[in-house]
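Take a look at the structure below.
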Amino acid sequence: MKRMDEMSLGELAAYICTHLSKNDIHCVLSGGACVSIYTDNRYESLDLDFIENMASKRKKIVSVLSKIGFMEENRYFIHPDTKYFIEFPAGPLAIGKEPVREPNIITFETGELRLLSPTDSVKDRLAAFYHWND
Amino acid sequence: MLEPLLGSINRERVLLFLYSRDEGYAREIARYFKTDLSQIQKQLERLEIGNIVFSKTSGKTRIYSLNPRYPFLNEVQALLEKVLLFYSSDERYTLTHPRKRPRRKGKP
């Protein structure tokens, strides 16, 4: 297994997603991190937004992430060996008013990552730009 | 009216204010309902964490609106519209028609 400070954003996200999933926290990566992955980091995002449709208790998330060294700081989880940080925005996972039925799955050597499809990712970013000027 | 559902009268006030006026800031909402500013700020913060409202800054002021990307926005708006029907016409008018032009300087 690679060291965390050597992992790319995708590898790190897959490692976290798999670890969460093994502990019954099933979530999908959303937001700018998906764009980073699909564009080989030509668009850089440091935050990993994981969305759960059925939210787990915060205590459980804190406990599960602490096993891989992520510590809670305000609403985020940080790790001393990586610049990337994790957030769990409130669900549900949706594009516009519609639920995301089939997330994309990418396998890295560090694990399996569930994330928005390229099309949904573009729609998500366009909506952020249109509604929030982000 | 929605307090049993939302768990807080101030959360209802915040949602109703933002629905009626499209946007608002904490002090303005607290002043309108003659309630504690910190309670309104707390509710705005919680609603923002829940993605139900979003904020932008204008100068030093954080201005909030209902989040157009919230998947249940139409349903929440329908509920708030119904709540407004139970307000008296005067209450509804003052909530939905804020005085925009500042009072002329020196006017008593």
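The values are calculated or read from the model by the stated rules, or taken from the named source; none is laboratory data. Everything numeric here is computed off the predicted structure, so don't read it as measured data. Don't worry about glycine lacking a Cβ; one is built from the backbone with ideal geometry, like all the others, and counts go over all protein chains shown.
Before we move on, is B:PRO68 at pLDDT below 95, under 23 Å from A:ASP134 (Cβ atoms), loosely packed, with under 15 Cβ neighbours inside 10 Å and not hydrophobic (A, V, I, L, M, F, W, C)? So B:PRO68 passes the test.
Here is the figure for the range B:80-96: residues that are hydrophobic (A, V, I, L, M, F, W, C) and part of a loop (DSSP other than H, G, I, E, B) total 1. Taken together, the residues in the range B:41-73 that are within 13 Å of another protein chain (Cβ to nearest Cβ), more than 24 Å from A:GLU98 (Cβ to Cβ) and either under 12 Å from the mean Cα position of the chain (by Cα) or not small (Gly, Ala, Ser) (or both) amount to 6. Scanning the range B:74-98 for residues that are surrounded by 15 or more Cβ atoms within 10 Å (Cβ to Cβ) and closer than 21 Å to A:ALA128 by Cα returns a single hit, B:VAL76. Scan the range A:21-51 residue by residue and report those that are touching a Phe, Trp or Tyr at 6+ places or on another chain (Cβ under 7 Å) and either over 19 Å from A:VAL100 (Cα atoms) or without any contact (Cβ under 8 Å) to a residue 40 or more places away in the chain (or both). Answer for the range A:21-51, where residues must be touching a Phe, Trp or Tyr at 6+ places or on another chain (Cβ under 7 Å) and either over 19 Å from A:VAL100 (Cα atoms) or without any contact (Cβ under 8 Å) to a residue 40 or more places away in the chain (or both): A:SER36, A:LEU46, A:ASP47, A:LEU48, A:PHE50. Of the residues screened, B:VAL76 is one that is in contact (Cβ under 8 Å) with a residue 24 or more places away in the chain and within 14 Å of chain A (Cβ to nearest Cβ).
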